[in-house]
Each structure stands twice: as structure tokens, then as C-alpha cells.
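Bear in mind that the values in this text are calculations on the coordinates, not laboratory data. As the structure is a prediction and not an experimental result, all values here were calculated from the model. Here Cβ is always computed from backbone atoms with ideal geometry, including for glycine, and neighbour counts include all displayed protein chains.
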Amino acid sequence: MTSDDPVRRGGREAQRRRTRKAIVDAAVRLSAGGATPSIDEIAAAADVSRRTVYAYFPSLDHLLIDATAGALNEPPVEEALADPSIADDPAARVDALIRTLLRYSPQSLPLGRRLIRLTVDPPVSETPEPATPRRGPRRIEWLEQACAPLRDTLSQESYQRLISALTIVVGWEAQIALRDVRGLGPEAEEEAITWAARALVEAAIREHEADSPQGDGPRAPAGSDGGTRAEKGPKKSDGDVENPRPAPSPG
């Protein structure tokens, strides 16, 4: 087994996520009393070094904003995705995720704008920047939970492409574009984001159906046109007659 083995890569990624979560959870606990904790206090509470904290968060402000946004959004998102009525419907699960995040956007979007500024233009640090995403995996984890019914149906490549595409339309960046560039209000914003996300999910399912034997795999969500011309039969013109008899030959 080499260092590039997928199992080892998955293990390292899981460890990074656990370490990051421990740091964020420590920041949330220490901030609960109203005081602003220091990096040293957060590192001690998370049982990691200062260097490890800075490897994940270039600044204390970055860490505290991320922790606050997570504490605000995580409980309602987890509750929405635990709804048994949508357990097997990926499109409905993505809808529920989006509507939950938008419900809390009056509080979270200002934090998102600040966090985007910090990650787009990070402060100069003596600590080498790790070869990992500058933002945490929270959004990816929620999208993976929402699309869980498709994990064993789509190919790995198709599933990861769907998650990447949904990352573009679900989150603060999409809200900022729709508000600042398109000038949309909350209702139109929600309609545009849910429409785009549902279109991506349905496209992934249709692509899978097209590549699979007939009848294999999940059907496209209700409301999408899953029929094909071959299934419906050729369209007949008004002049077409079924089973026409040959004209009799002259006697």
C-alpha cells in the first residue's frame, strides 16, 4: 500500500476534518461566555499546538467567524436533513438544505462576507499555507449528506462532479452574486438557487439513466420529463393509417 493509496488519502482527510472540528468546537465553547478566547486558549482546549491552529486558520478572526457561522447553521441543517419523509429523495434533501440555510442568512450572510474577504485575501503568515482548501468542509459535508441517496447509484466521478457543481450554487457566494449583481430579493433568490440545484441533481440522475440498462437505477424526480421518444412511440401525423392494406390489383 503506497502513500497515494485511496484508503490512506481518505484516512488523512478524515483526520484533518476531525482536527479542524476539534479546533472549531473549542472556539465555540470558549466563546459561549461572551469573552474572546486567544489562540493559546483555543489550542489548549482542542489539545493541539498553536502551529496546528494556524495551519487551519490564518487568523483568530477567521477562526471565530467560522465557529460562529457553524454554531448558527449546524443544528437546523442537521434537523432538516434528518427528516424521514425525504430520506430517499436527493432533490428534496438539497431543497431542504438550501431553504434552511437561507432562513438563517440574515444572521449568517454578514459573517459569510467577512469570511470570504479573509480567505480571498489571507493575511501574510510565516506558517506555510497547507495544500488544502482555505475554507472548512462544512458545506461539502452537508451537500454529501443531502445527496447520500445517490452515493451508491452514481459513479464516483459523477457523484463528485455533482457535489462540486452544487458547491457553486449553494452557499454565500451564490447569494452575494444574486443580491449584488442581479439585485434579487430573498424570495427570488431562493427560487433561483433551488431551481439551479434541482436542475443539477436531475441532470445527474438522467445522465446515469442514459448510461444504464433500461429500468436500472433511480428515476428522475417528479416533475422532470423522464420519457423518451422511443418509449412513447413515434408521433403519427393526421394522415397516417395503421396497417394499411395494399391496393387490389386490376382484375
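A DSSP coil position with no more than 16 other Cβ atoms inside 10 Å describes the following trypsin sites (Lys or Arg not before Pro) in segment 169-200: R182.
Extension gain, Q156-E141: 0.36 nm per intervening residue step, less the Cα-Cα distance, totals 3.8 nm. Backbone phi angles across segment 71-88, fed through the Karplus curve with coefficients 6.51, -1.76 and 1.60 (θ = phi - 60°), yield HN-Hα couplings of 5, 6, 8, 4, x, x, 5, 4, 5, 5, 6, 8, 5, x, 5, 10, 4, 10 Hz in residue order; Gly and Pro are listed as x. Rg/Rh for segment 172-215 stands at 1.24; both radii use Cα atoms, and Rh follows the Kirkwood definition. Subtracting the Cα-Cα distance of A199 and R117 from 0.36 nm times their residue separation leaves 26.6 nm of extension gain. Compute the label zone of S38 within segment 57-76: residues whose backbone N is under 16 Å from the point 7 Å along Cα-to-Cβ. The answer is 60-61.
Using the average count of surrounding beta-carbon atoms within 10 Å as a protection proxy, the listed peptides 142-149, 82-89 rank, highest first, as 142-149, 82-89.
Stokes-Einstein diffusion of segment 16-58 at 37 °C, 0.692 mPa s viscosity, Kirkwood radius from Cα pairs, rounded to a whole number: 326 µm²/s. Peptides 31-42, 167-178 ranked from most to least packed give 167-178, 31-42, packing being the mean of other C-beta atoms within 10 angstrom over each peptide's residues.
Label-to-label distance, A188 versus A148, with points set 7 angstrom from Cα along the beta-carbon direction: 3.7 nm.
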